[in-house]
Amino acid sequence: MIGATLTLLYREIKKWVNRKPVFVVSLITPIIWIALFGKSLNLQSLFQPPPGVAQNPAFASVYKSMVEKRMLELFGTTDYFTYMSSGMLVAFSLFQGLFSGVSIIFDKRLGYLDRLLVTPIPRISIWASKILAVIVRVTVLSTILLVVAIAMGMQLKEGIGLVDLLGAWLVIVLVAAGISSLYAMISFYASHQEVVFTLGNLLNLPLMFASSALFPVEQMPSWMQKIAKANPVTYAADLVRHYLIGRAVNDYWKSIGLLVALVAVLLVLSAWLSVRWMESR
Amino acid sequence: MSEYAIEVEDLRKVYPGGVEALRGVSFRVRKGEIFSLLGPNGAGKTTTVRILSTLYKPTGGVARVLGYDVVRESGKVRRVIGVVSQESTSDDEMTGFDNVYIQARLYGLSGEEARRAAWEALRFMGLENAANRKVSTYSGGMKRRLEIAMSLVHTPQVLFLDEPTLGLDVESRRELWKLILDLKRRGVTILLTTHYMEEADRLSDRVAIINEGRIIAVGTPEELKKKVGGEAIHIAPMDPQDADKIIERLKSHGYDVRKAGRIVVVKVDDASRRITEIIKLVEDVEVLEVGVVKPNLEEVFLLLTGRRLIEEEPSTTARIPTRR
């Protein structure tokens, strides 16, 4: 089973890398996300002291410290870009998850899946290779995203260590595994690629916006807070922030526990339903 | 072990939604032979191949490949079969070699073995010079040959070819026929589906004619063609008026003669030997054309079903108004 999974993973990665223009664009995408989102939503610039205040150095300094206090309260950092780019790592993983579904739909349509199904490989390896391919993509692209974010001014927490980076990576991988499992099982049963794209748009945007990925939950209207607090993306984003920029996270273990449990359920359900589809035609 | 590579008994398949694709199909394929399922689109050919290659489960009936039940022992069946489906399944942004190599690895060959097997399959299909090119640069014929190379890399004992030459030009088709016959020489049992009667005729040891989910005739191409009677000699006189004269003359010499339009059809057992005698008999009549017509599988199908194998071709009368 491992041999077949690795062979199919080799195919997925080779396909990704071989399509040179697509590969290059997929590498640039995280840079664009970070640059456009991060720098256009520059919250500090909204809080420039009004002209009267700015002229008085004493007032200006009080004003600045007030803004920073508020920023610190809300974001856990005085720099919104730092806050946002760590959340962006999770949001980006969410969107990469769609590729498991897209690739399954194409293998179904082009007859490659049938070719695989007449070989003696375990059915689950077909499913596993799709999930692993997303994890590999996310690992490569998140690394680029992080490097670019740091180059553009993201401030990592002081004394950040390998364990923190590993922790952040694991959370991002959990998100990728969970969301790609979801799209994988849908794609085996879906007859058209539109189903996956439509569901992807329907699910991903609320998952991203009604979470702490881009904005703190505390500033949301109360009905939205309820959604955001139940949203697994919030747990993931809070954890990544905890590891990378040192923002305090409420219920550290609860967040980890819930995230792991949810992803485990999605993985098992997705593997089971996918194999069931492959075996019951 | 039985002498049959494939045994199919009363196979039935009803698709979800109620389409009855197979209504009780039975046939047996001997080891080492090329066996064709000949029939029009929608006859049930692909469904049969999909059940035999473990992709679909039958609604009823039994199918065995090399003695293994395709439902209960699907894992064993998958080890001994190769399947070439109608559509192109290769990854065209990868090289031909990579496509075949990945297949070999999926059958559990080690890196070195897989490399060797991939090159051998590519060489056999005449693709070694294109092996390191991306499949997107291949011609239609090359892509088909790559599909077969991918399906051969684990040296299967039974090969399913579903419409292998669909959409190919005449030259590529002939090239592929030669390769399929080479495979048979290597001892591979081949089940081929086609709706080209010439393909079934040229390649097959035996042919099953399939229509609307049922097999309506099985036999060697020669046996099947005997169903429409022997060969015939067609004589087209220059002046249509002479047709009756020819018919009179030949009838008096004991020939089975009839008129079809302006052509005189003479039914004979051995046309190539009789033709000189017949030409001599009508020496004094000016003749436009004389030809030997061998019975073909298309005629067999027509005789058995009243339909043609390929029906998508519009008739001339139907085409004229659309041109205007």
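Some observations on this one:
- Region B:125-222: trypsin sites (Lys or Arg not before Pro) in DSSP coil with no more than 11 other Cβ atoms inside 10 Å: B:Arg186
- Excluding same-chain neighbours fewer than eight residues apart, the lysines reachable from B:Lys294 by a Cα-Cα span under 20 Å are B:Lys225, B:Lys226, B:Lys227, B:Lys259, B:Lys267.
- Accessible surface, per residue, of region A:119-221 when the full set of protein chains is kept, probe 1.4 Å, Å²: 41
- Relative contact order of region B:1-123, pairs being alpha-carbon contacts under 8 Å that are 6 or more residues apart, as %: 21
- When region B:4-66 is reduced to its Cα atoms, the Kirkwood hydrodynamic radius in Å: 11.9
- Residues in region B:68-92 that, when all protein chains are in place, have 50 Å² or more less accessible area than the chain alone would give (probe 1.4 Å): B:Arg78, B:Thr89, B:Asp91
- Out-of-range pairs (alpha-carbon distance over 22 Å; input B:Lys76/B:Lys143; A:Lys15/A:Lys130; A:Lys108/B:Lys45; A:Lys130/B:Lys45; A:Lys157/A:Lys229): B:Lys76/B:Lys143; A:Lys130/B:Lys45; A:Lys157/A:Lys229
- Straight-line reach from A:Lys20: taking Cα to Cα under 18 Å and skipping same-chain neighbours fewer than 8 places apart, the lysines in range are B:Lys134.
- A:Ser222 contributes about 80 Å² of solvent-accessible surface, heavy atoms of the protein only, 1.4 Å probe.
- Protein-only accessible surface order, largest first, of A:His192, B:His234 at 1.4 Å: A:His192, B:His234
- Cross-link reach list, lysines versus B:Lys280, counting only Cα pairs under 16 Å and skipping chain neighbours closer than eight places: B:Lys245, B:Lys251
- Average partner coverage of A:103-111, which counts Cβ from other chains inside 10 Å: 2
- Cα-based Rg / Dmax (Å) for chain B: 23.8, 76
- Solvent-accessible area, 1.4 Å probe, carbon plus sulfur percent, for chain A: 73
- For the protein assembly as shown, the average shadow cast by the Cα convex hull is 40.3 nm², which is a quarter of the hull's surface.
The values are calculated or read from the model by the stated rules, or taken from the named source; none is laboratory data. Computed from a predicted structure; not experimentally measured. Quick reminder, even Gly has a Cβ in these numbers, built from the backbone with ideal geometry, and neighbours come from all protein chains shown. Keep in mind that these areas ignore ligands, DNA and RNA; they rest on the heavy atoms of the full protein, side chains included. Shrake-Rupley method; radii C 1.70, N 1.55, O 1.52, S 1.80 Å.
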